[in-house]
Amino acid sequence: MRRHRIEHRGNPEYYTPIYEMALSQFEAAADKLSLDPNLRKRFTNPKRAIMVNIPIRMDDQSVEVFHGYRVHHDTTLGPSKGGIRFHPDVSLGEVSALAMWMTWKCALMGLPFGGAKGGVRCDPLALSRNELQRLTRRYTAEMIQFIGPDIDVPAPDIGTNEQIMAWMMDTYSQFKGYSIPEIVTGKPISIGGSLGRVEATGRGVVYCILEAMSHLNMKPDGKTVVIQGFGNVGSHTAQILSEKGCKIIAVSDVHCGLYQPNGLDITALRAHVSRHQYLKGYTEASEISNPELLELPCDVLVPAALSEQITNDNADRISCKILAEAANGPTTPTADQILKDRGIFIIPDILANAGGVTVSYFEWVQGLQHFFWKEMEINERLREIVSMTFNNVLKTAISEKVDMRLAAMMLAIRKITESNLARGLFP
Ligand code: NAD
C-alpha cells in the first residue's frame, strides 16, 4: 500500500499568540490523558473558520467595510454555541481561541453543544444605533448558511447585548419567513429570552467563588473583592457578591478604576453607569489605573474584561487568595504557573464563566419547546450544575494531583473523546 507523507508548510492563519495560549492549555491536558494522536490533531484545529467583509452605509452616507468572523471549533456533541464580540481587536486568531474554549466549556458543563465564537472588528461605542443595527443585520445575513438553531447558536459577548441579539433573531427570521427565536440566546424576554440569562454569567462566577471559599474554609462575609471590567459579567458579579456580604473594594472599566477600601456601593455605581455609560465621574471613590487595580491586595480577584491581563509582567505582584476568571483567557500560561507556585487558588475560565452558556442552554431548550420556566427554577438548576461541576473538577484536581485548570480540561476532553470515538471518522 502506498503511503502519502503530508507536508504542512507553515501554520494556518489562526495560529496567533492567543490561539497558541488556548492550544498550550489543550496540549497540557492531552499529554496528561495520553490522548490518541489522531484525535489530538483534530482538536488542534477548528472544524471551520468563516471570514466575511461587511459593507455598511454610515450615517454620513459613506460606505465602511468591517471584517467579521465565525469559527466552529468542534460539533461532536451538538450544534455549536458561542458569543459574538464587537471590539476593535477582534481577529481570526482570537475568535478561534475563544471557539476552542467554548468546546471545552460546553463539554465540561455537560451541555449538548460544540464550541463556536464570532465577532466583528469594530468599536461599537463609536457607531450610532442605526449603524450598529445595519452592521449586525448584514453580519447575520453574511453568516446565514452557517448559523441556525440546529447548526450554530450565537449569544452576546463583549460589545454586544440583548438588542444586538434581537436584531440577529429578526434578520434570521426575515430570511426564513417565520419567527425563529431559538437562533440566538441572550435575547430580550419579550421575544423568547430566558429569565435569569442577563445575570447568569455573573451568578455562575459567584457560585464558583462560594464553592472555592467553602473549600478554603473562608466565609463570604467581609471578604474583599476586586473586579476588572464593569460590563454585563463584572457588574452582576459585583452586585451578587455584595448581596452575599462581600466587600467590593475596587472595580474598573476601559477608562478607569475606582478604589474604596471601605467597600463600594454597587447599586449606586450601576445607577451611575446606566446614566453616564462609564465609571468615570463617580465621586465616592478614588481613581486608580487598571494595572494598579489588578495588584491590589484582596481575598478575591475577578478579571471580567479582556484576555491576557495577568501576564509574566504582573503575576508575581497579584495579591489575592482566589482568582476567579470571569473573562475568557485572562491569564497567560507563564503567569498561570507563577500564580500556582504562589499558592493562589485559580477557578479557570471554562468553569468560572460557564453560567452564561448554561442558562443559554436553558433558553434554547425553552425556545425549542415553547415552554418557559420560572426564574427561581432557572437559578436553582444553574446553581446545581455549577456546584456539581465545580466539585467534580476539584475532586479530579485532588485525585490526579493537578491544578483546577488542568482538571477541568481533562474532564472536558475525556467527554468529547468518548463521543468522538463512538461516532468515528467520516467517511
Ligand atoms: P461587556 O462588553 O458587557 O463588558 C466589558 C467590560 O470590560 C466593560 O466594562 C469595559 O469597559 C471593560 N473593558 C474593556 N476593555 C478594558 C480594558 N482594557 N481594561 C479594563 N476594562 C476593560 O462584556 P461582558 O459580556 O461583560 O464580557 C466580559 C468578559 O466575560 C469577556 O472576556 C467575555 O468573553 C466573558 N464572558 C462573557 C459572557 C456573557 O454572558 N456576556 C459569558 C462568558 C464569558
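List of remarks:
- Just one residue in the set SER91, SER80 is in contact (Cβ under 8 Å) with a residue 60 or more places away in the chain and crowded, with 21+ Cβ neighbours inside 10 Å; that residue is SER80.
- The single residue among LEU339, LEU279, LEU306, LEU294 that is within 16 Å of the ligand (Cβ to nearest atom), more than 23 Å from GLY186 (Cβ to Cβ) and within 22 Å of the chain's Cα centre (by Cα) turns out to be LEU294.
- Subset of region 281-327 [of a type in the set (S, T, N, Q) and part of a loop (DSSP other than H, G, I, E, B)]: THR283, SER289, SER307, GLN309, THR311, ASN312, ASN314, SER319
- Filter result for ILE240 (part of a helix (DSSP H, G or I) and not assigned by TED's automatic domain parsing to the domain that holds LEU108): yes
- Flag if LYS187 is of a type in the set (Lys, Arg) and away from the ligand (no atom under 13 Å from the Cβ): no
- Contact annotation: residue pairs with Cβ atoms under 8 Å, 6 or more positions apart or on different chains, pairing a residue in region 125-151 that is among the acidic types (Asp, Glu) with a partner that is in a loop (DSSP other than H, G, I, E, B), are GLU131/MET58; GLU131/ASP59; ASP150/PRO79.
- The set of residues in region 342-371 that are under 17 Å from the mean Cα position of the chain (by Cα) and open to solvent by 20 Å² or more (accessible area, probe 1.4 Å) contains only TYR361.
- All of SER252, SER286 fail the test of being assigned by TED's automatic domain parsing to the domain that holds ILE227, modelled with pLDDT of 95 or more, surrounded by fewer than 20 Cβ atoms within 10 Å (Cβ to Cβ) and not hydrophobic (A, V, I, L, M, F, W, C), apart from SER286.
- With respect to the stated conditions, ALA397 fails to be outside the structural domain of MET102 (by TED's automatic domain parsing), modelled with pLDDT of 95 or more and within 19 Å of the chain's Cα centre (by Cα).
- Residue satisfying all of: in region 159-179; in a loop (DSSP other than H, G, I, E, B) and surrounded by fewer than 24 Cβ atoms within 10 Å (Cβ to Cβ); nearest to the ligand (Cβ to nearest atom) among these: GLY159
- For GLY110: the one exception among (1) part of a strand (DSSP E or B); (2) away from the ligand (no atom under 14 Å from the Cβ): (1)
- The helices (runs of 4 or more DSSP H) falling completely within region 332-427 that include 1 or more residues that are closer than 17 Å to GLN25 by Cα and aliphatic (A, V, I, L, M) map to 333-341, 349-352, 375-400, 404-423.
- Qualifying residue in region 38-47 (condition: under 21 Å from PRO149 (Cα atoms) and more than 14 Å from the chain's Cα centre (by Cα)): yes
- Subset of region 261-280 (residues that are under 23 Å from LEU306 (Cα atoms) and assigned to a loop (DSSP other than H, G, I, E, B)): LEU264, GLN277, TYR278, LEU279, LYS280
- Filter result for the condition that a residue is within 16 Å of the ligand (Cβ to nearest atom), of a type in the set (Val, Ile, Thr) and in contact (Cβ under 8 Å) with a residue 40 or more places away in the chain, over ILE266, ILE288, ILE227, ILE248: ILE227
- Of the residues making up region 116-142, those that are open to solvent by less than 50 Å² (accessible area, probe 1.4 Å), within 13 Å of ARG57 (Cβ to Cβ) and assigned to a helix (DSSP H, G or I) are GLU131, LEU132, GLN133, LEU135.
- Close pairs from region 167-188: first farther than 16 Å from GLN366 by Cα and of a type outside the set (Asp, Glu), partner open to solvent by 20 Å² or more (accessible area, probe 1.4 Å) and in a loop (DSSP other than H, G, I, E, B), Cβ under 6 Å, at least 6 apart: SER173/SER179; PHE175/ILE144
- Filtered residues of region 390-408 (kept if under 18 Å from ASP341 (Cβ atoms) and either of a type in the set (Lys, Arg) or touching a Leu at 6+ places or on another chain (Cβ under 8 Å) (or both)): ALA397, LYS401, MET404, ARG405, ALA407
- Residues located in region 114-138, provided they are under 16 Å from ASN353 (Cα atoms) and of a type in the set (A, V, I, L, M, F, W, C): ALA116
The values are calculated or read from the model by the stated rules, or taken from the named source; none is laboratory data. The shown structure was predicted, so the numbers you read here are calculated from the model rather than taken from an experiment. Note that we place each Cβ from the backbone using ideal geometry, even for glycine, and neighbour counts take in every protein chain shown. For accessibility, only protein heavy atoms count, side chains too; no ligands or nucleic acids. Shrake-Rupley method; radii C 1.70, N 1.55, O 1.52, S 1.80 Å.
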